[in-house]
1. Which condition number in (1) closer than 17 Å to residue 342 by Cα; (2) surrounded by fewer than 16 Cβ atoms within 10 Å (Cβ to Cβ); (3) basic (Lys, Arg) is the one that residue 287 fails?
2. State whether one or more residues within segment 355-365 are under 30 Å from residue 294 (Cβ atoms) and either among the polar types (S, T, N, Q) or in a helix (DSSP H, G or I) (or both).
3. Scan segment 369-379 and give yes if some residue there is open to solvent by 70 Å² or more (accessible area, probe 1.4 Å) and touching a residue at least 12 places away in the same chain (Cβ under 8 Å), otherwise no.
4. Out of 102, 118, which single residue is modelled with pLDDT under 70 and open to solvent by 40 Å² or more (accessible area, probe 1.4 Å)?
5. Name every residue in segment 126-158 that is part of a helix (DSSP H, G or I), over 16 Å from residue 222 (Cα atoms) and either in contact with a helix residue (DSSP H, G or I) (Cβ under 8 Å, 6 or more places away or on another chain) or modelled with pLDDT under 70 (or both), in order of residue number.
6. Kindly indicate which of 386, 355, 300, 335 is closer than 30 Å to residue 68 by Cα and open to solvent by 20 Å² or more (accessible area, probe 1.4 Å).
7. Do any residues in segment 25-37 that are without any contact (Cβ under 8 Å) to a residue 24 or more places away in the chain and of a type outside the set (Val, Ile, Thr) have Cβ atoms under 6 Å from those of residues that are part of a strand (DSSP E or B) and open to solvent by 50 Å² or more (accessible area, probe 1.4 Å), where the two are at least six apart or on different chains, and which pairs are they?
Amino acid sequence: MEISEKLALYLEILNCSHPIHLWKYSSDFEMLYSDFPLSRFSGDLLKEMRIEEKLREAEKEHFPYPLFLENSSGLIFIIVFDAISSPYSIYVLGPAFSGADSLSLFQERLENVPMSLSDRSFALSAVKDAPIISTNSLIQYAITLHYLVNNERISINEIYFLSTSDKDAKDTIERITSEHRGIYEGEQSFLRLIQEGNPDYAKGIQKMMRLSSGMRVKGKNSLQNAKNNTLVLLTLVSRASIAGGLNPEISYNLNDYYADRLTQCESVSEVARLSQEMLEDYVQRNRIRIKNAGISRPVKNAMDYIGLHIRENISLSELARSAGYTEYYFSRKFKEETGRSVADYIGSAKTEEAKLLLTDSSLPVQEIAEELGFGSRNHFFWTFRKYTGMSPSEYRSARKK
């Protein structure tokens, strides 16, 4: 079956539930096809919705994976690249809202945009029938559309969440809920993957997303709903990690850190990206915990201390004093049990934290160096290269390909 036939059938199936539309563009962003009823809008979707520029930037860095794109007015689009054909094509599915009051919010924002009465009227007519679809369902649509176009199975971790708001989208989400029969078992399965530090935790998320689309208690808008669900997810992951053996002080501090950042998110896409960073952070720390099982309590406490204060300057004398040993004895004991010197362990731990910041934030390299307590950018550069074989900038570029 040709791609066009697959997509026609897929669209027909989707329209049994939601009036959603499909556009096809060339790699030069020239529209090749649309089934949208308003010819003026459908003829120039990307420019009309002011998303072409952002899409061009994302296309360079994240091709060929799907984009979950939310524009500044709260409309959501799914972008999938046809990586098989040459030249490739771009498919756009949408628009949709993710909250019950999204249309009213769209109208409010539209009032603040300088435009003619006819343009405002047209914009409203173009989106008035946009369906309300849960974020979870839209993510599943993106995964399925990518499979139909590229014949490739992907996970949620390979979807890039992009916002066209003026503030840079920083971070990553999933929603864990408790309203569907069987959700408890799915939740427990997911949390066990987190406790085990299992990189396949995304599969547990996808299973739960199929069971439920969010909390029954709804916020005042889609952004608040996303924050509510992510706060629940953060709490579950934090407590499950403690139950699995992660130091409670570390887990609670991480909880507070991500909860604070969550309050600063200004779009669903920002919430989504923050959630991804949070999950990866907990998984990584649980993986390290399991790897270090059997280590004596004083050394384990020192390792926990390093984890808690990874963004500060950590001295050998401070660690030894906390353990109740001399620096010489503590250094020897630490290396005997871990196979690494204290300095080597700290450098490696700081590098792992730097990887998260380079991958899931837009902070400049200099700011990351300062955030992690390196004396200079040069010190950060050489430490990072020692443990990864590449510079921080090279690592960030490689992760975005």
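The values are calculated or read from the model by the stated rules, or taken from the named source; none is laboratory data. Because the structure is a prediction, the values reported are computed rather than measured. Neighbour counts are summed over all protein chains in view; Cβ atoms, including those assigned to glycine, are modelled from backbone coordinates with ideal geometry. SASA here: full protein model, heavy atoms, side chains in, ligands and nucleic acids out. Shrake-Rupley method; radii C 1.70, N 1.55, O 1.52, S 1.80 Å.
1. Tallying (1) closer than 17 Å to residue 342 by Cα; (2) surrounded by fewer than 16 Cβ atoms within 10 Å (Cβ to Cβ); (3) basic (Lys, Arg), residue 287 fails exactly one: (1).
2. Yes, there is a match, as at least one residue in segment 355-365 is under 30 Å from residue 294 (Cβ atoms) and either among the polar types (S, T, N, Q) or in a helix (DSSP H, G or I) (or both).
3. Start the filter on segment 369-379 by keeping residues that are open to solvent by 70 Å² or more (accessible area, probe 1.4 Å), which leaves 370-371, 375, 377-379.
Okay, now just the ones that are also touching a residue at least 12 places away in the same chain (Cβ under 8 Å), so 371, 377.
Yes, the conditions are met somewhere in segment 369-379.
4. Numbers: 102 fails: open to solvent by 40 Å² or more (accessible area, probe 1.4 Å).
Just a single option satisfies the conditions, and that option is 118.
5. Within segment 126-158, the first condition is being part of a helix (DSSP H, G or I), and the residues that meet it are 126-127, 135-150, 156-158.
Subset that is over 16 Å from residue 222 (Cα atoms): 126-127, 140-150, 156-158.
Within segment 126-158, 126, 127, 140, 141, 143, 144, 145, 148, 149, 156, 157 qualify.
6. Working: 386 fails: closer than 30 Å to residue 68 by Cα; 300 fails: closer than 30 Å to residue 68 by Cα; 335 fails: closer than 30 Å to residue 68 by Cα.
That would be 355, the only listed residue that is closer than 30 Å to residue 68 by Cα and open to solvent by 20 Å² or more (accessible area, probe 1.4 Å).
7. 33/24
So that you can scan it fast, the table gives a plain yes or no per residue for (1) within 18 Å of the chain's Cα centre (by Cα); (2) among the small types (Gly, Ala, Ser); (3) modelled with pLDDT under 75:
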position: 160; (1), (2), (3): yes, no, no
position: 200; (1), (2), (3): yes, no, yes
position: 211; (1), (2), (3): no, no, yes
position: 256; (1), (2), (3): no, no, no
